[in-house]
Amino acid sequence: MITSASIAIRLGTSLDEVEKKVILETLQMHRFNRTKTAKVLGIGIRTLQRKLKEYESNVTAIEFNQPLAN
């Protein structure tokens, strides 16, 4: 069970980059389970899937050496 975690974000980082970092770190924290990640973040699974597709060209689960889970 994961109780809490933190990430470092530099002042001046764009909100888009902050959102991306939070989503990707949360996804990794939940072992790439998109359903759990969406629930923890308080967003719909389709919203999460759309965001991940936007990031696909830059960062993928393969870079973390993990498959995406539903």
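The values are calculated or read from the model by the stated rules, or taken from the named source; none is laboratory data. Remember, it's a predicted structure, so these values are computed and weren't measured experimentally. A quick note on method: Cβ atoms are made from the backbone with ideal geometry, for glycine too, and the neighbour counts reach across all protein chains shown.
Figures for the structure shown
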{"quantity": "Every residue from the stretch 1-23 that is surrounded by 13 or more Cβ atoms within 10 Å (Cβ to Cβ) and touching a helix residue (DSSP H, G or I) at 6+ places or on another chain (Cβ under 7 Å)", "calculated": "Lys20, Ile23"}
{"quantity": "Scope the stretch 1-57; condition in contact with a Lys or Arg (Cβ under 9 Å, 6 or more places away or on another chain), among the acidic types (Asp, Glu) and free of Cβ contacts under 8 Å to residues at least 12 places away in the same chain; matching residues", "calculated": "Glu54"}
{"quantity": "Count of the stretch 1-51 residues which are of a type outside the set (D, E, K, R) and not in a loop (DSSP other than H, G, I, E, B)", "calculated": "19"}
{"quantity": "Within the stretch 36-55, tally of residues that are of a type in the set (S, T, N, Q) and touching a helix residue (DSSP H, G or I) at 6+ places or on another chain (Cβ under 6 Å)", "calculated": "1"}
{"quantity": "Residues (in a helix (DSSP H, G or I) and either in contact with a Leu (Cβ under 7 Å, 6 or more places away or on another chain) or at pLDDT 95 or above (or both)) located in the stretch 56-70", "calculated": "Ala61"}
